[in-house]
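Note sheet for the following structure.
The values are calculated or read from the model by the stated rules, or taken from the named source; none is laboratory data. Please read these numbers as outputs of a predicted model, since none were measured by experiment. Cβ placement follows ideal geometry from the backbone for every residue including glycine, while neighbour counts extend to all protein chains displayed. With ligands, DNA and RNA removed, areas are computed over all heavy atoms of the protein, side chains included. Shrake-Rupley method; radii C 1.70, N 1.55, O 1.52, S 1.80 Å.
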Amino acid sequence: MHFSDSLARGVAPTGPGTLHARTVTGGIKVPPRTGLTVRFGRGERPDVDLGVGVDDLRVSRRHGQLTFRRRQWWLTNTGQQLLRLPRGRMVHGSSEPVPLAPGYTPLFVRGSGFREHLVELYVTGHDDQGPVSRRRADTVAPDRWPLDDDERLLLVVLGQRYLLYEEDPRPLSYGRAAEQLRYLRPEESWSERKVEYRIEAVRRRLHGTGFPHPLMHDTSAGRPSDNGLLHNLLKGLVESTTLVPPDLDLMEEDGL
């Protein structure tokens with residue numbers, strides 16, 4: 001495989017547990033041998049096995065490592081800046097080692113300014129068949145979540161900033177949403193409590209259905225504000241294209 005190829009396309013068939021790692025400077029392939037460690041960072045051999053962010057002084061000379069133990073590869077941050085995994089998971093130097101799942105994992109090393117340096121990781125699974133061309137296969141549609149008309153309007157009002165794709169969106173307050181809904185639907189008795197009740201019902205319905213973000217509180221820790229869970233709900237609905245920018249027309253059509 002050429003270094004210009006991405007591991008996201010898959011790897012040539014190798015033994016289960018084999019680690020493939022790649023950056024813009026090159027790539028390595030390592031067998032699953034207990035105690036074996038692969039180090040990456042700005043430094044040179046023999047300090048690191050894989051160079052990353054070699055021109056960026058914010059990247060540590062030894063920024064991270066992957067160690068094979070207990071039949072898995074484990075990621076540890078040994079640098080000063082954060083490592084970022086999929087779904088926004090951050091790994092600090094004080095974090096516990098993170099196990100890598102079989103398949104492809106993109107890892108980002110925080111650098112200077114807005115720079116993030118990519119380390120592509122791929123762990124071969126037992127049923128790995130290598131790269132497969134799927135150019136003519138049907139596209140797999142996103143997982144979209146069912147909403148009735150009232151729920152859609154309510155979520156569009158609450159999440160209008162998300163549908164504008166703002167950089168750091170936040171939901172409208174329940175009180176402000178109730179005001180807008182009373183304007184849109186004057187024949188309906190929308191109140192702050194009713195908005196909260198309807199949103200909680202949506203969260204309960206979608207909880208446990210494979211929704212990508214947490215939707216329910218850990219009741220053992222008390223009852224914190226709903227704002228974080230509402231953010232998760234709106235983020236997941238927008239990311240899945242359950243809610244899309246044309247849905248904002250629901251507000252315009254009623255005269256808002």
message: Suppose every Lys and Arg Cβ carries +1 and every Asp and Glu Cβ carries -1, with no other charges. What dipole size does the chain come out with about its Cα centre, to the nearest 20 debye?
response: 1520
- prompt: If you place +1 on the Cβ of every Lys and Arg, -1 on the Cβ of every Asp and Glu, and leave all else neutral, what size is the dipole of the stretch 18-124 about its Cα centre, to the nearest 20 Debye?
  reply: 280
message: Loop by DSSP (not H, G, I, E, B), at most 13 other beta-carbon atoms within 10 Å: where is the longest site-free stretch of the chain for chymotrypsin sites (Phe, Trp or Tyr not before Pro)?
response: 4-113
- prompt: Against the longest alpha carbon principal axis of the chain, how many degrees, from 0 to 90 and to the nearest 10, is the axis of helix 174-184 turned?
  reply: 50
task: Within the stretch 43-126, list the GluC sites (Glu not before Pro) lying in a DSSP loop whose Cβ has at most 16 other Cβ atoms in a 10 Å radius.
output: E44
- prompt: Highest mean first, what order results for 233-241, 137-145 on Cβ atoms within 10 Å?
  reply: 233-241, 137-145
- line: If each part is reduced to its alpha-carbon centroid, the stretch 58-101 and the stretch 106-153 end up apart, in Å, by 20
- prompt: Taking the Cα atoms only, what angle lies between the long axis of helix 192-206 and the longest principal axis of the chain, rounded to 10 degrees?
  reply: 40
field: Solvent-accessible heavy-atom area per residue, rounded to whole Å², over the chain at 1.4 Å
entry: 60
- prompt: Relative contact order of the stretch 18-124: what whole-number percent is it, with Cα pairs under 8 angstrom and at least 6 residues apart?
  reply: 24
task: Pop out the carbon and sulfur fraction of the accessible area of the chain as a percent, whole number, probe 1.4 Å.
output: 48
- request: Restrict the search to the stretch 122-184; then list the GluC sites (Glu not before Pro) that DSSP places in a loop and that have at most 16 other Cβ atoms within 10 Å of their Cβ.
  value: E166, E167
